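One structure below.
The values are calculated or read from the model by the stated rules, or taken from the named source; none is laboratory data. Here the structure is a predicted model, which means the values were calculated and not measured. Every residue, glycine among them, receives a Cβ derived from its backbone with ideal geometry; neighbour counts consider all protein chains shown. Just the protein is used for accessible areas: all its heavy atoms, side chains included, with ligands, DNA and RNA removed. Shrake-Rupley method; radii C 1.70, N 1.55, O 1.52, S 1.80 Å.
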Amino acid sequence: AQKITQTQPGMFVQEKEAVTLDCTYDTSDPSYGLFWYKQPSSGEMIFLIYQGSYDQQNATEGRYSLNFQKARKSANLVISASQLGDSAMYFCAMRERNQGGKLIFGQGTELSVKP
Amino acid sequence: DAGVIQSPRHEVTEMGQEVTLRCKPISGHNSLFWYRQTMMRGLELLIYFNNNVPIDDSGMPEDRFSAKMPNASFSTLKIQPSEPRDSAVYFCASTPSGNRGTDTQYFGPGTRLTVL
């Protein structure tokens, strides 16, 4: 079974609008972390935001927030006030405590911001 | 502060040749990871080290791949002999400690390998 599922291969959003990128995960480990990374066309992997399984509040980092719904096993990334520079691939990833340090990645969502 | 450093950034080689990819983790980080990214398989972990010791190499495709970490500031990923299907972007990442779920992995810029 897929551990991390990103169901949106591609998304479009108008500049200055908000957009939600979906991510669902599957784990039986009670202790895990969820991460979002951005990969622009230049290829580097840029860390955006982290959510721990025991965190009570949703994580936020500037224009990025993570809509964490533990019971539904979803960890959607919300980008507010989209900018042209937000156009990139976005990857959701999970790390389970019983799996040590390894990150498992979803297939990614390609976001295009339209002017 | 310097991030994770990888070299070379691009490598083009012919089938059968040996390829060595290099990585310098962020100073003070105790864990190092090698990932491979392809269109077909996405991002997948190949191997990771804690305190220079290989912990999980279950992602290494086959015996042609080997990785070493002789000290805390240097790691290599070697492919011998290389094959066209090894063409991919290889990322190195490091984190302060591999065991804590909160530790973020910081990625290097990647090495784009093309095997002709």
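Using 7 Å Cα-to-Cβ label points, what is the residue B:27/residue A:12 separation (nm, one decimal)?
Roughly 4.8 nm, to one decimal.
Just the accessible area per residue of the range B:7-90, please: how many Å² with a 1.4 Å probe?
Working: 4350 Å² over 84 residues.
Dividing the accessible area of the range B:7-90 by its residue count gives 52 Å².
So how much slack lies between residue A:42 and residue A:80, counting 0.36 nm per residue of separation and subtracting their Cα-Cα distance, in nm?
Numbers: separation 38, 0.36 × 38 = 13.68 nm, distance 2.28 nm.
Additional length available on full extension: 11.4 nm.
Over chain A, what relative contact order in percent results from Cα pairs under 8 Å that are six or more residues apart?
37
Using a basic spin-label model with each label point 7 Å from the Cα along Cα→Cβ, how many nm lie between residue B:15 and residue A:112?
3.5
On a C-alpha basis, how far is the centre of the range A:84-115 from the centre of the range B:1-54 in Å? Whole number, if you could?
18
Shielding of A:43-53 by partners, i.e. mean partner chain Cβ atoms within 10 Å per residue? The partial results should precede the final answer.
Numbers: counts 8, 7, 13, 2, 5, 1, 1, 4, 1, 3, 1.
Mean number of neighbouring Cβ atoms from other chains: 4.
Can you work out the accessible area per residue across the range A:40-94, with the rest of the protein chains kept in place, probe 1.4 Å, in square angstrom? Intermediate values should be presented prior to the final figure.
Working: 2650 Å² over 55 residues.
I get 48 Å² per residue for this part.
How large, in percent, is the carbon and sulfur part of the accessible surface of the range B:54-116 at a probe radius of 1.4 Å? Let's see the in-between values first.
Numbers: 1420 of 2820 Å².
Carbon and sulfur: 50 percent of the exposed surface of the range B:54-116.
Tell me the total accessible area that B and A bury against each other, 1.4 angstrom probe, in square angstrom rounded to 100. Let's see the in-between values first.
Working: alone 6480 and 6280 Å², together 11200 Å².
Roughly 1600 Å².
Note down the nm distance, to one decimal, between modelled labels 7 Å out along Cα→Cβ at residue B:78 and at residue A:56.
Spacing of the two 7 Å Cα→Cβ label points: 5.3 nm.
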